[in-house]
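Heads up, the thing below is written out as structure tokens.
The values are calculated or read from the model by the stated rules, or taken from the named source; none is laboratory data. Note that the coordinates shown come from a computational prediction; the quantities given were computed from them, not determined experimentally. No Cβ is skipped: glycine too gets one built from the backbone with ideal geometry, and neighbour counts run over all protein chains shown. Remember, those area values only see protein heavy atoms, side chains included, never the ligands or the DNA or RNA. Shrake-Rupley method; radii C 1.70, N 1.55, O 1.52, S 1.80 Å.
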Amino acid sequence: MDRLGIGLAALGRPAYINVGRAAALPPGRSVEQMREATWDVLDAAYAAGVRWVDTARSYGRAEEFLGAWLSARAPDDVTVSSKWGYAYVGEWKTDAAVHEVKEHSLGRYRAQYKETRELLDGHLSVYQVHSLTEDSPLFKDLRLQEALAELRAEGVRVGFSTSGPRQADTIRRAMTLDVSGQRLFSSVQSTWNTLETSGEEALREAHEAGLHVLLKEVLANGRLAVQPPAAVEVLAAEHGVAPDAVALAAALSRPWADIVLIGAVSPGQVMSNLTASRVLLDERDLGVLADLGVSPERYWAERSALPWT
């Protein structure tokens with residue numbers, strides 16, 4: 001359980017792209033209902049031994065929900081990572097034309113860091129640039145890099161997350177950034193699953209260089225749980241678990257993955273996901289899963305076509 005974390009992307013706002021989410025959430029999806037659903041998931045994950053929680057400024061009210069849960073439950077052993085760079089603009093509507101807007105600027109960073117600190121009330125451990133890509137202005141903005149480096153003095157680790165078909169290039173470029181002779185980033189959060197493995201070698205290099213590696217979207221936004229390839233269903237039956245556990249076990253089999261995030265939206269999904277911790281995949285199993293990979297261009301095109309519901 002010490003390598004599993006819970007992500008709040010699908011809980012802090014009424015709409016998201018995860019498949020298999022709708023039926024597990026209250027139909028009204030009011031703020032109060034989503035807060036309760038978030039607390040239920042956090043309670044279930046914590047009781048099972050999960051001690052890492054990942055959120056972001058753009059996850060609607062997720063930081064608010066998490067901060068209130070931390071204050072009410074008062075756990076002193078939870079590591080919290082959050083992200084800045086996207087702003088949530090969906091106005092709590094499932095049919096919003098735009099749900100989030102990206103901006104990697106010094107102004108956006110300063111404003112969102114202030115908001116995050118206020119909502120998480122001293123619990124923040126890792127602050128990440130949200131969905132860094134090769135063309136992000138951050139790579140040329142020395143003032144922004146210096147501002148991020150100042151987090152170290154506050155005891156907050158600086159990280160970045162990646163998205164898109166060129167994750168590996170972004171990871172390697174980000175690893176070269178330094179401020180005053182010190183590497184800027186100490187953690188990286190990237191998409192990895194049995195369909196999209198293109199960042200694997202770069203993530204291995206990051207781990208070997210001392211960065212803390214977090215894996216996100218391990219279930220391919222729910223597709224590997226709800227619409228799994230036949231090979232995943234066969235392996236799940238052989239191991240006596242649901243398909244989600246097989247997909248998560250594949251991520252846990254990577255020794256360079258320090259934290260594997262799950263995106264459950266109900267206690268039932270949490271418990272199903274966590275059965276991955278007892279699934280041991282052998283070389284044959286891993287070979288079967290390796291054959292499921294698609295090109296990163298195809299994967300990200302299909303992901304971008306998923307509806308916000």
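What to note about this one:
- Condition check for S136: of a type in the set (S, T, N, Q) and in contact with an Asp or Glu (Cβ under 7 Å, 6 or more places away or on another chain): no
- Test for E302: is it in a helix (DSSP H, G or I), surrounded by 13 or more Cβ atoms within 10 Å (Cβ to Cβ) and among the acidic types (D, E): yes
- Lone qualifier among V213, V241, V246 - being assigned to a strand (DSSP E or B), in contact (Cβ under 8 Å) with a residue 24 or more places away in the chain and either surrounded by 17 or more Cβ atoms within 10 Å (Cβ to Cβ) or not aromatic (F, W, Y) (or both): V213
- Whichever residue in region 18-58 is among the basic types (K, R) and in contact with an Asp or Glu (Cβ under 9 Å, 6 or more places away or on another chain) and, among such residues, is least open to solvent (accessible area, probe 1.4 Å): R57
- Region 176-207, residues that are farther than 26 Å from N221 by Cα, open to solvent by 40 Å² or more (accessible area, probe 1.4 Å) and of a type outside the set (G, A, S): T176, D178, Q182, R183
- Set A168, A111: member being farther than 30 Å from A72 by Cα and part of a helix (DSSP H, G or I): A168
- Matching entry among A209, A247, A251 (being over 24 Å from A10 (Cβ atoms) and out of contact with any Pro (no Cβ under 7 Å at 6 or more places or on another chain)): A209
- Only a single criterion out of (1) open to solvent by 30 Å² or more (accessible area, probe 1.4 Å); (2) at pLDDT 95 or above is not satisfied by A15, namely (1).
- Criterion applied to R61, R73 was being of a type in the set (K, R) and either free of Cβ contacts under 8 Å to residues at least 24 places away in the same chain or out of contact with any Gly (no Cβ under 6 Å at 6 or more places or on another chain) (or both), and the one residue passing it is R73.
- Index of the failed condition, A230 passing every other in (1) within 23 Å of I17 (Cβ to Cβ); (2) open to solvent by 50 Å² or more (accessible area, probe 1.4 Å): (1)
- Residue in region 216-224 that is farther than 20 Å from G199 by Cα, open to solvent by 10 Å² or more (accessible area, probe 1.4 Å) and at pLDDT 95 or above present: no
- Taken across region 198-206, residues that are under 23 Å from E146 (Cα atoms) and part of a helix (DSSP H, G or I) do occur, with at least one present.
- One residue stands out among those in region 88-112 that are under 18 Å from the mean Cα position of the chain (by Cα) and open to solvent by 20 Å² or more (accessible area, probe 1.4 Å): the one that is nearest to T162 (Cα to Cα), which is K102.
- Subset of region 122-158 that is among the basic types (K, R) and assigned to a helix (DSSP H, G or I) - its residue that is nearest to S82 (Cα to Cα): R152
- The condition (being in contact with a helix residue (DSSP H, G or I) (Cβ under 7 Å, 6 or more places away or on another chain) and either over 15 Å from I262 (Cα atoms) or not small (G, A, S) (or both)) is satisfied by just one residue among V50, V41: V41.
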